[in-house]
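Below is one structure, written out as structure tokens; comments come after it.
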Amino acid sequence: MIRITAISLAAATALASPALAGSLEPAPMEPAITPVQAAPVAYGNDWTGGYAGLSLGWANGEAGSVDDDGMAYGIQGGYDYDFGNWVLGGELAYSGTNLSVGGVDVDSLLAAKARVGYDLGQTLIYATGGAERAWVDGGEDTGYVVGAGVEHMLTDTISVGGEYLYHGFDDFDGTGVDASGNTLAARVNYRF
């Protein structure tokens, strides 16, 4: 009976104690796995390159004592060079309107503009100015355009922004009438 009790005690002890694999030291623990997080993607760190896009917005025209508000829409294309903090570029922009100032329809505008901006990384703030040609019912003339805008990179090729422009024409087409206008447009560009 003592023999069965000793065997039972040895079996119970063997089942209750942890199994050691050839050593009295416990097995090393596996290191904790730390997930790798992707770095955020930053677009627009370099504004150097060409672009083309579309614009849509509000327009106002005034000639003498008459004025009108309406819509402006257009296309633009240009090239920027990023000097670090400063960006210098040029742009051609063609716009159509639905303005009728004193019964004279303002058909379209073509502007050649320079722009200088400050590089904030993904965002560019800029001032712009240049020459502009306007076509209206029965005439056309060359004037000037000045303004300011902001552009923000959504991806490495798509940017969106807004631009305000003042348009001025002295003695439009020899009529003795000074004409002016304002536009405020949303813009989207494909950068390449």
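Results, tabulated for the structure shown:
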quantity	calculated
From phi via Karplus (6.51, -1.76, 1.60), per-residue ³J(HN,Hα) for segment 55-60 in Hz, x at Gly/Pro	9, 8, x, 9, 9, 9
Inter-probe distance in nm under a simple model that places probes 7 Å from Cα toward Cβ, at TRP58 and VAL146	2.2 nm
Residue-wise HN-Hα coupling along segment 66-77, computed from phi with Karplus coefficients 6.51, -1.76, 1.60 (Hz; x: Gly, Pro)	10, 8, 7, 10, x, 10, 10, 8, x, 10, 9, x
Segment 49-191: relative contact order as a whole-number percent, Cα under 8 Å and 6+ apart	23 percent
Cβ-based net charge around GLY50, under 9 Å, with every Lys or Arg adding one and every Asp or Glu removing one	0
Kirkwood Rh and Cα Rg combined as Rg/Rh, segment 50-192	1.01
Inter-probe distance in nm under a simple model that places probes 7 Å from Cα toward Cβ, at THR48 and SER65	5.7 nm
Contour minus Cα-Cα distance for ASP178 and ARG133 (0.36 nm per residue)	14.8 nm
Within-11-Å neighbourhood charge of ASN60 [Cβ basis; K, R +1; D, E -1]	-4
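Throughout, read-outs are computed from the coordinates displayed, never taken from laboratory work. Owing to the predicted nature of the structure, the values given are computational and were not obtained by experimental measurement. Every residue, glycine among them, receives a Cβ derived from its backbone with ideal geometry; neighbour counts consider all protein chains shown.
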